[in-house]
Amino acid sequence: MEEHNLVKNTLDQIPQAAPDAKRIVGLVKEGGRITGYQLSDNSIVEKQQAVDMAKRGQIAGVGIAHRGDTEYLKSIPDGSENNNLGNLPAVSPQA
């Protein structure tokens, strides 16, 4: 339980997700770096767009953290490893 609190402390904010919020189901990667996300409605959004959506409660299960000046999404710990962003499949960006 304490580990959950420790990880939550690394998040800058945990937005309240709307009832109809989407979930991240895949990662768009280029050169090993995450550049975007596939959402549960199969749409693909860029990394910054996903951060903005999460802040508005449009993406569930994530919090916002930062590294330097860059904000990024991070899984909210819930005791399950299966839905952690790092464990999601990589998907190809839609042309």
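Going by the structure shown, is GLY68 of a type outside the set (D, E, K, R), on the phi > 0 side of the Ramachandran plot and surrounded by 16 or more Cβ atoms within 10 Å (Cβ to Cβ)? So GLY68 fails the test.
Within 11 Å of the chain's Cα centre (by Cα), over 14 Å from GLN16 (Cα atoms) and aliphatic (A, V, I, L, M): is that true of ALA65 in this structure? Yes, satisfied. The numbered conditions (1) on the phi > 0 side of the Ramachandran plot; (2) modelled with pLDDT under 90 are all true for ASP78 except (1). Contact annotation: residue pairs with Cβ atoms under 7 Å, 6 or more positions apart or on different chains, pairing a residue in the stretch 18-40 that is surrounded by fewer than 18 Cβ atoms within 10 Å (Cβ to Cβ) with a partner that is basic (Lys, Arg), are ILE34/LYS47; THR35/LYS29; THR35/LYS47; SER40/LYS22; SER40/ARG23.
The values are calculated or read from the model by the stated rules, or taken from the named source; none is laboratory data. The model shown is predicted, which means the values in this text are computed figures rather than measured ones. A quick note on method: Cβ atoms are made from the backbone with ideal geometry, for glycine too, and the neighbour counts reach across all protein chains shown.
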